[in-house]
Amino acid sequence: MTDGGYDEWLAAIGDGEGYYLACPDGHGSLPPRRTCPHCGAMELEKTPLPESGTVETFSEIHVAGPDFASQTPYVTAIASFDAVRLTGVLRGVLDEDGPDPSVGMSVEVNTAENPDTGDTMVVFRPR
């Protein structure tokens, strides 16, 4: 099963053209949306995602469900990109040469294939 709006959004992030939807009042949301979830405005405009975001919280996962079973340990994070927050896997932080994950860390967003499912997923990398 696919979701055209979400799949289109993931493809745009993978192509370096990530965006969010902004209403006239400046609220941000992620596709697929037809109205602003904050104020109900129906005029939504594609707005480019900033090149970098900031980690707001993260979790280091050591026991994973089947969709991530071969990837432990790994880190999931929520990062703020101006008017929206994205959830993704934070890569390059548990490597021997990588930085430790931290709140406030600057990250960039992209996509990658989940090796356990073949699905496209949101990933962050330290900047």
Completion exercise
Reported set for region 38-84 where residues are free of Cβ contacts under 8 Å to residues at least 40 places away in the same chain and in a strand (DSSP E or B) is Glu45, Lys46, Thr47, Pro48, Ser59, Ile61, Tyr74, Val75, Thr76, Ile78, Ser80
Practice task
Select from region 65-82 the residues that are of a type in the set (A, V, I, L, M, F, W, C) and open to solvent by 30 Å² or more (accessible area, probe 1.4 Å) and write down the one among them that is farthest from Asp95 (Cα to Cα).
Solution key: Ile78
Practice task
Report yes if Asp3 is at pLDDT below 95, within 23 Å of Asn114 (Cβ to Cβ) and not assigned by the TED database to the domain that holds Thr117, otherwise no.
Solution key: yes
Exercise for the section: Quickly run through region 90-127 and pick out the residues that are touching a Gly at 6+ places or on another chain (Cβ under 7 Å) and not in a strand (DSSP E or B). Expected result: Gly92, Gly98
Practice task
Could you check how many residues of region 4-23 are among the small types (Gly, Ala, Ser) and buried (at least 20 other Cβ atoms within 10 Å of the Cβ)?
Solution key: 2
Practice task
From Val63, Val75, Val109, Val103, grab the single residue that is touching a helix residue (DSSP H, G or I) at 6+ places or on another chain (Cβ under 9 Å) and of a type outside the set (Asp, Glu).
Solution key: Val109
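The values are calculated or read from the model by the stated rules, or taken from the named source; none is laboratory data. None of these values were measured; they are calculated from a predicted model. When we count neighbours, we look across all protein chains shown, and the Cβ atoms used for this are built from the backbone with ideal geometry, even at glycine. Heads up: the accessible areas ignore ligands, DNA and RNA and are worked out on the full protein's heavy atoms, side chains in. Shrake-Rupley method; radii C 1.70, N 1.55, O 1.52, S 1.80 Å.
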